[in-house]
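The values are calculated or read from the model by the stated rules, or taken from the named source; none is laboratory data. Everything quoted here is computed from the prediction, not taken from an experiment. Here the Cβ is made from the backbone with ideal geometry for all residues, glycine too, and neighbour counts use every protein chain on show.
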Amino acid sequence: MDIGNVSKQSHVSTSTLRYYEEIGLISSTGRKGLRRQYHSSVLERLALINLGRLAGFSLDEIASMFNQSNHDVQIDRSTLKEKAKEIDKKIAKLTAVRDSLIHASNCKAENHLECPTFIKLMKVATRLSSKKLSIKF
């Protein structure tokens, strides 16, 4: 498969494919003219990379899951459990933010700062924001 087909099927830009190759996450099988060629198995590897990125793993963490010599994937289950716990914490924070927004949009108080429920929600948000909420997609 050439780089354009891989890009189209994987929804990964060609520049990202070249970068992934540069850092060793994927490898091409050669070139046909100026276009890089890849084995069709690269699509599965890219899907794993995409899933890892979506879950919040860094490229270095993802690279450590790939055995470079035989292209096997070795994912530590305890690492997955830890990442799932991190995601649960983010979900809890986002749920609190969502609930605050819904309450604010429905609150009958003249001024939101006069609403006891909204004030409680602001305090919760303050506590949660001090625990470093970062969301990457």
Restricting to the stretch 29-47, what's the tally of residues that are surrounded by 11 or more Cβ atoms within 10 Å (Cβ to Cβ) and in a strand (DSSP E or B)? 4
Determine if the stretch 15-28 includes at least one residue that is in a helix (DSSP H, G or I), among the acidic types (Asp, Glu) and surrounded by 15 or more Cβ atoms within 10 Å (Cβ to Cβ). yes
May I ask you to say which residue of Glu21, Glu86 is out of contact with any Pro (no Cβ under 9 Å at 6 or more places or on another chain), within 30 Å of Leu128 (Cα to Cα) and not small (Gly, Ala, Ser)? Glu86
Being of a type in the set (Gly, Ala, Ser), in contact with a helix residue (DSSP H, G or I) (Cβ under 8 Å, 6 or more places away or on another chain) and over 22 Å from Lys8 (Cα atoms) narrows Ala63, Ala47, Ala109 down to just Ala109
I'm trying to understand the selection: among the residues of the stretch 93-117, which are surrounded by 12 or more Cβ atoms within 10 Å (Cβ to Cβ) and within 31 Å of the chain's Cα centre (by Cα)? Lys93, Leu94, Ala96, Val97, Asp99, Ser100, His103, Ala104
Restricting the search to the stretch 90-133, which residues are of a type in the set (Lys, Arg) and part of a loop (DSSP other than H, G, I, E, B)? Lys108, Lys131, Lys132
In the stretch 48-89, which residue that is at pLDDT 90 or above and not in a helix (DSSP H, G or I) is surrounded by the most Cβ atoms within 10 Å (Cβ to Cβ)? Phe57
Need pairs with beta-carbon distance below 9 Å; first residue farther than 16 Å from His112 by Cα and within the stretch 88-101, second assigned to a helix (DSSP H, G or I); sequence gap 6+ or separate chains. Ala92/Leu128; Lys93/Ala125; Lys93/Leu128; Lys93/Ser129; Ala96/Leu121; Ala96/Val124; Ala96/Ala125; Ala96/Leu128
Would you mind finding the one in Thr29, Thr14, Thr79 that is closer than 30 Å to Leu128 by Cα and β-branched (Val, Ile, Thr)? Thr79
Subset of the stretch 19-61, residues of a type outside the set (Ser, Thr, Tyr) and over 22 Å from the mean Cα position of the chain (by Cα), comes to Gly30, Arg31, Lys32, Gly33, Leu34, Arg35, Arg36, Gln37, His39
Restricting attention to the stretch 1-14, the residues that are part of a loop (DSSP other than H, G, I, E, B), closer than 22 Å to Ala63 by Cα and aliphatic (A, V, I, L, M) number exactly 1
